[in-house]
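The values are calculated or read from the model by the stated rules, or taken from the named source; none is laboratory data. Not measured: the values here are computed from a predicted model. Cβ atoms come from the backbone with ideal geometry, glycine included; neighbour counts cover every protein chain shown. With ligands, DNA and RNA removed, areas are computed over all heavy atoms of the protein, side chains included. Shrake-Rupley method; radii C 1.70, N 1.55, O 1.52, S 1.80 Å.
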Amino acid sequence: RSKMNDTGSPMITIGMPLFNAEDFLEEALDSLLSQSYSNFKLLISDNASTDNTESICRLYAIKDSRVSYTRQASNQGAIANFSSVLEAADTPYFMWAAGDDTWATEYIEKCISCLEADKSLGLVASLVVPFTNGVYSPAMQDLALLASNRPWKTRYNYLIQPEELGKANIIYGVYLTRLIQEVAARNPFKASWGADMNLVYSCLCTANLYVIDQP
């Protein structure tokens, strides 16, 4: 049996922290639920949205048993919401998912394949294609320049690459769960500029990164 369609225990937790995400949420959920690697659980944490986010999520949770929906009693802030889905993860792999992104069908499959093939890796991501109002920009090719087979070089590349080239997107890669949970416990998310990039860099101090050279 192919592991990507295994009906056993889920191998990856997708954590989706949301707030007022109705505009693109259905497209994002459809993209995740149609992944070639289907053996996952999707944990949604709704930060007390005031739009139709709740009704959309509850409908998807009814339609697909892999989807679990939790609504916070009040808005806890983005950092707490991101942290809540990470803390709940109990699978070998973990990824965050934004409510306004979509993913290539084989995204999770390819990321996990890389992690399983190279035990020095703790995080795998891919190139990113920015889009606004249906207008797509070229893929962020500079992300592929971050990774090196020498971990110190990967850290160096990550530090010196300008933020505007897209390195903040690496936080939406696929992690070894034990790694990201341990790093987050040692270096908790803080409500400050660059919290996402600081967390990724902390991961790179423990395990290496690979960036798939396609979006």
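For this structure, a couple of remarks:
- Taking trypsin sites (Lys or Arg not before Pro) across region 30-138, the ones in a DSSP loop with at most 11 further Cβ atoms lying within 10 angstrom of their Cβ are LYS119.
- Using a cutoff of 8 angstrom between alpha carbon atoms and counting only pairs six or more residues apart, the relative contact order for the chain works out to 23 percent.
- The overall shape of the chain, judged from the alpha-carbon gyration tensor, is rounded, with an a/c ratio under 1.5.
- Length gained when the stretch PHE24-GLN214 is fully extended (0.36 nm per residue, less Cα-Cα span): 66.1 nm
- For MET16, residues with placed amide H under 5 Å, excluding near neighbours: LEU43, ILE44, SER45, ALA97
- Counting only DSSP beta bridges with both residues in region 1-143, the antiparallel share comes to about 10 percent.
- Taking the 1.4 Å solvent-accessible surface of the chain as the whole, the part contributed by carbon and sulfur is 51%.
- Cβ-based net charge around THR13, under 14 Å, with every Lys or Arg adding one and every Asp or Glu removing one: +1
- Taking a ≥ b ≥ c as the square roots of the eigenvalues of the alpha-carbon gyration tensor, region 27-89 is classed oblate because a/c is 1.5 or more while a/b is no larger than b/c.
- Region 74-167: C-alpha gyration tensor shape, a/c 1.5 cut-off, then a/b vs b/c: rounded
- Restraint check, LYS41/LYS153; LYS41/LYS167; LYS110/LYS153, Cα-Cα greater than 29 Å: LYS41/LYS153
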